[in-house]
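Beneath this line is the structure, given in C-alpha cells, with notes to follow.
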Amino acid sequence: YLAEVRETLSRLERSTHSMIAAGGASDVLSIASLPTFATRWLIPRLPRFVANHPSAAFALSTRLRPFSFAEEPFDLAIHYGAPRWPGGEATHLFDEDLVPVASPAFRDAGGFDRPEALACAVLIQQATRPAAWRDWFAGLGLAVERPFRGPLFDQFSMVAAAAAAGLGAALVPRFLIEEELGSGRLVVLFDRPVRTEEAYHLVVPAEKRSSPLVAAFREWLVDEARPRPGGRRA
C-alpha cells in the first residue's frame, strides 16, 4: 500500500510541476522518449515545431521501455522496437543503420585498413543491441570468434562518448553522432552500415488520436524523419 501511495504522490508531484512549468500555456505536450534520441535528435529540432505552434509547451521525460499509457498518461512516446504497443498506435519514423566509428587516434593506432582487422580490436558493446557486432561481421561474410567482448554501456550517448575517448570501436546510428562526426571527434572506419531488425516509431495512445496538437506533432515529426537529399534527415 505504501509503495502504491508513494507512486501516486510522485505522479501527482510530476503533474503539478509540469503545469507550473507550462506557465499557463493552453497546449502542453507530454512526451516520453529514449534518452539519446531526445538529446541528440529530437530536442535540437523542437524549435522548428515551436515556431509554428508558439502556444505549445513541452514536458519531456525519458523511458527506455514500453509502459502503460493508463498508468503514465503521456500524449505520445518515441519507441525503438517492433511497431507494437498495448493501447497505442505506432507510426514508423525510420530504420536504424549502425556504422563502425572510433576516435581518429584509435583508428590511426590500429591501422584498420580492412574490415576484418576490427576482429582484433576492442569492440564497445551496446546493451540493447547485443548482436550488433556479430551481425556487422556476418554481413561482410566474416566469422569472428569474440564479437560480444568489450566494455558494455546501456545508452548510445555513452557508447559514442566511450568511442570518442579512445576506448575502442563502436557501432552507432549515424544520425545520433552528427556532432561528433562534424567536429572530427569520431570518424567512420568503414562505410558499411548494418541495419538492425527493428526501427524507431512514434506511439500515440488511442485516446489522444483526436487531439489537434498531438496530430500536428505527429505530422511534423514524420516529416522531420523523412530522408533529405544526401541521405540526411532534416
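The values are calculated or read from the model by the stated rules, or taken from the named source; none is laboratory data. This is a predicted model, so every value here is computed, not measured. Neighbour counts are summed over all protein chains in view; Cβ atoms, including those assigned to glycine, are modelled from backbone coordinates with ideal geometry. All accessible areas refer to the heavy atoms of the entire protein, side chains included, with ligands and DNA or RNA removed. Shrake-Rupley method; radii C 1.70, N 1.55, O 1.52, S 1.80 Å.
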For the chain, the percent of accessible surface on carbon and sulfur atoms (probe 1.4 angstrom, ligands and nucleic acids excluded) is 54 percent
Over the chain, what is the relative contact order in whole percent, taking alpha-carbon pairs under 8 Å and six or more residues apart?
27 percent
Quick one: compute the contact order of the stretch 105-234, relative version, from alpha carbon pairs under 8 angstrom and 6+ residues apart, as a percent.
22 percent
Applying 1/(1 + (r/R0)^6) with R0 = 45 Å to the Cβ-Cβ distance of Ala119 and Ser68, what FRET efficiency is obtained, to the nearest 0.05?
0.55
Reported label for calculated log10 I(q)/I(0) by the Debye sum over Cα atoms at q = 0.12, 0.15, 0.17 Å⁻¹ given [x] -0.66, -1.04, -1.34; [y] -0.75, -1.04, -1.22; [z] -0.66, -0.99, -1.20:
[y]
The chain: most fluctuating residue of Glu178, Glu197, Glu71 per GNM, C-alpha cutoff 10 Å:
Glu71
Cut-off 10 angstrom, C-alpha nodes, Gaussian network model of the chain. Which of Ala57, Ala161, Ala143 fluctuates the most?
Ala143
Roll a 1.4 Å probe over the protein heavy atoms and report the accessible area of Arg48 in Å², nearest 10.
110 Å²
For a quick check, take a GNM of the chain with Cα springs below 10 Å and name the residue from Ala164, Ala216, Ala199 with the largest mean-square fluctuation.
Ala216
What number do you get for the stretch 112-177 when its Cα radius of gyration is normalised by 2.2 N^0.38 Å, N = residues?
1.04
Accessible area (Å², per residue) of the chain, counting only protein heavy atoms and a probe of 1.4 Å:
54 Å²
